[in-house]
Amino acid sequence: MPRWIRVVILTVLVIVFLFTSAYVYLFPMNGLERVVSSQLNREIRERYNLSADFADMRGNPFTGIMIEDIRVIYTDSLGAYEILHVPRLTTAYQLSNLWHRDYRFELVDITSPKVTIRRDSTGAWRLPDLTSDAAETTRPPSFLVSNLIVSEADMLVIAPGRDTMQLDDMTVAASVRVEEGMVSADLKQMEFVSPSADVELTAATGKVALSDNRLVVQDLAIASRQTRARLNGAVTLDDLTGRIDFALDQVDLAEVTRWVGPNLRGVVDLTGSATLQGDSLDGSVNIAGDFMFASFENLQVDFRWYENQLMLDTLYGVILDNCSIDGAGWI
């Protein structure tokens, strides 16, 4: 046998042996789990005081994997608690994209996650500090999830001496992109119920983006029981300033104002805009429907809400079957 043929055969056998050894280590010997767990914890422990672990990883590394029983623990000066539990996470991707640092996922499916958020006795949130120096030094890599599906999610907000807020059966379907520090989502569906707060979101669609603590919504359509809403605008979260344009149909004022006061009654349609400046809200709105003791056909109001008081700077229009009104006041 010529020498060059022996060299080719030996090279092929070495390559097969190396690939076989790598496959056996990564999968039957759970080497991939150890590699992923070690790398993940190295990334999040120092930056966010988080640690993560999972029970099992399976699937085809070239097209997608499934990770089971993911647990994320947050630790602060008051101790540690489980902030996230995901029974199953399924992904679909093309390895060639990831190999070239093009982080595109055709599917990320998160089944039955449970999120728990705690507050301390002073009311401060016990959450990772995403604005710390360690977190700001390196931005997360850009990536795209074409189909993000979250099903049967539960969320708890626990505070000492207060009622626990609970969201049940949350479902989310969206595409998500993270690029140069901006997170954007094209929301296709979102729904949940909250038994503790008697709140129900039956549908939500639209586009949402967050960059440098500035939240932008575009054509965000929301349905909650009989109420329908469409929102456009932007709000800076640091100081709670911004502007929102809105169109709200079948708004039950008793349901809304039991959270923010003052106590109002009626079911109305609202179209207008509002400017948020910290703890005050100014705006202009057109009202049609039943409000308190009157039936409004076309009422224009310039308003200001501050310290649980609603001030009506301008009030004019038609109420009570073609009765004109022009005035001002407060509630």
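With respect to (1) more than 15 Å from the chain's Cα centre (by Cα); (2) surrounded by 15 or more Cβ atoms within 10 Å (Cβ to Cβ); (3) closer than 22 Å to LEU84 by Cα; (4) of a type outside the set (Gly, Ala, Ser), the lone exception for VAL176 is condition (1). Only residues in the range 71-90 that are without any contact (Cβ under 8 Å) to a residue 12 or more places away in the chain count as the first member; pair them with residues that are surrounded by 14 or more Cβ atoms within 10 Å (Cβ to Cβ) and not in a loop (DSSP other than H, G, I, E, B), Cβ under 8 angstrom, at least 6 apart or cross-chain, and list the lot. What qualifies is ALA80/ILE73; ALA80/TYR74. Pairs are defined by a Cβ separation below 9 Å, a sequence spacing of at least 6 or placement on different chains, a first member in the range 96-119 that is in a strand (DSSP E or B), and a second member that is of a type in the set (Lys, Arg); the pairs so defined are ASP109/ARG88; ILE110/ARG88; THR111/ARG88; ILE117/ARG126; ARG118/ARG126; ARG119/ARG126; ARG119/ARG162.
Each value in this text was obtained by applying a stated rule to the coordinates, not by laboratory testing. Everything numeric here is computed off the predicted structure, so don't read it as measured data. Don't worry about glycine lacking a Cβ; one is built from the backbone with ideal geometry, like all the others, and counts go over all protein chains shown.
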